[in-house]
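Each remark here refers to the structure printed beneath this line.
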C-alpha cells in the first residue's frame, strides 16, 4: 500500500486518538470495559456451549471428553445460525477446553486422548462445512 493510504486507514480504524498514538509508536490499550465485556461474553458462550461443563477449571480426566461431546453436539445444532463472530466465540471456548486438556496432561489415557482428538476434528469440520 502507498505511504498515504496506510495512515488514512489507521485514522479511520482507530479514530484520532488511536491514530495519533499509533503514529507516535505508543500502543493503544484496549478499554478495560471492553476486555471485561469480552470475558463476560466468553463466559456466556461457555455456559451455552458446555452446559454443566462450563467451569472448565473443574474438569477432570473423567469429565473432559463429555465436555467436548457437549460442545460438538451444541455447535452442530446451532451452527446454521452462526456468523463469523459466533464461530470466533465458539473457537475461544474450544481453546479453553484444549488448555484444560493440556493442564490435565498424562492423567488422560491415550485412548481418551484419541477420542478427544476425533471430537476436535469434528468441531473443525463443522466450521469448514459452514465456510464452504
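Laboratory data are not the source of any read-out in this text; all were calculated from the coordinates shown. This one's a predicted model, so the numbers in the text were calculated from it and none came from an experiment. Heads up, the Cβs are rebuilt from the backbone with ideal geometry, glycines too, and the neighbour counts pull from every protein chain shown.
Here are a few things to note about the model shown:
- Here the contact order of segment 31-131, divided by its residue count and restricted to Cα pairs under 8 Å and six or more residues apart, works out to 36 percent.
- Residue 114-residue 40 FRET efficiency (beta carbon distance; Förster radius 25 Å; 0.05 resolution): 0.10
- q = 0.27, 0.30 Å⁻¹: log10 I(q)/I(0) that the Debye formula gives for segment 79-132, counting C-alpha atoms only: -1.08, -1.20
- Whole-number D in µm²/s for segment 31-131 (Stokes-Einstein; Kirkwood sum over Cα pairs; 10 °C, 1.306 mPa s): 114 µm²/s
- Using a simple spin-label model with pseudo-atoms 7 Å out from Cα toward Cβ, residue 47 and residue 60 lie 2.5 nm apart.
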